[in-house]
1. Note the full-extension length gain between A152 and D232 as 0.36 nm times their separation in residues minus their Cα-Cα distance, in nm to one decimal.
2. Of the chymotrypsin sites (Phe, Trp or Tyr not before Pro) in region 143-227, which ones lie in a loop per DSSP and count no more than 13 other C-beta atoms within 10 Å?
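Just so it is clear, none of the values below were taken in a lab; they were calculated from the coordinates. Worth saying up front: this structure is predicted, and the values here are computed from it rather than measured. Neighbour counts run over all protein chains shown; Cβ positions are idealised from the backbone, glycine included.
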Amino acid sequence: MNTTEYDGGPSHPPFQIAYLAYLFVYLAYLGWSLTQVVVLANRYAAIAHRPLLRFGLRMTTVGSLWGLAYVAAKLVAIALANRSADWALITDAVVVLAFSTSILLVLIGSTVPSWGPRVGLDRLWAGAAAVRDYYRLYPLWARIHAVLPEIALLPPPSGVRGALSIARDASLRRVRITVEILDGYATLRPWMSASVAAHAHDAAQKAGLFSDQQTAMVEAVVIGAALASRLDGAPPAGEAGEAIALPLGPSRDSAAGDLDAADQVTWLAQVARAMESPMAAEIITRATSEAPSLDTQSSER
């Protein structure tokens, strides 16, 4: 089988070179264009605030990657076309699959921000995001609620009926659990030790955590230590002025007050994830055992 016969090109030798040159220029330009789409769509998806727009950009990125797979498969098909008919059938199937998938994903991704709200995808997406946020925050809330049950306005939902109520009122549940966590922070503030925070920061640095991961680990350790101290009936940590104020927030924000509601939920979910890690439990144990000596040294100075 001739390469140009496989590609549907001219079979006469004078035109074969020109056809192959055109084909390679076309594939090179298509590959370059799809690479630019991948870079730009991925970049703008990271800063898009509308969920459907972000989803559409992500889908466009994936579709463009499939387009690059089409380009690669097309080049392989051209290179292997003269080997055997079996290779031609395999590469042809890959080319068709990659091309069809790329077109479908890019088409959906580029249009879903306009037709998605008309069919209710934005509401469905918002509800799913609220349910996800609720369950991401729940481990942190559960730890605080176990020591401070008064933060809950209503009994925590449980069982199938509770799961259905969470799904039905997901946005309200997300707001309520966030407020209750922050109420727990306010109650625990006298037990939030600055020396424990310093110890946790040093341990997180030695563990090689990144900047925001370090801050989330520090906050998780401070909360965990404060909960342990409150549960054990320990007195508040030092003077009121020495207590650390939480939430800390990401390092790019000057204060927790700079966070809007969505960023605050994202941050508290990161703290909840850090608190569930074995590293946090280890640091809390070390920090709470060494904090009294650190507080004594600081008071003597």
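1. Details: separation 80, 0.36 × 80 = 28.80 nm, distance 2.11 nm.
So the chain would gain 26.7 nm between A152 and D232.
2. Numbers: sites: Y185, W191, F210; in loops: F210.
Here the chymotrypsin sites (Phe, Trp or Tyr not before Pro) that fit, given the DSSP loop and packing criteria, are F210.
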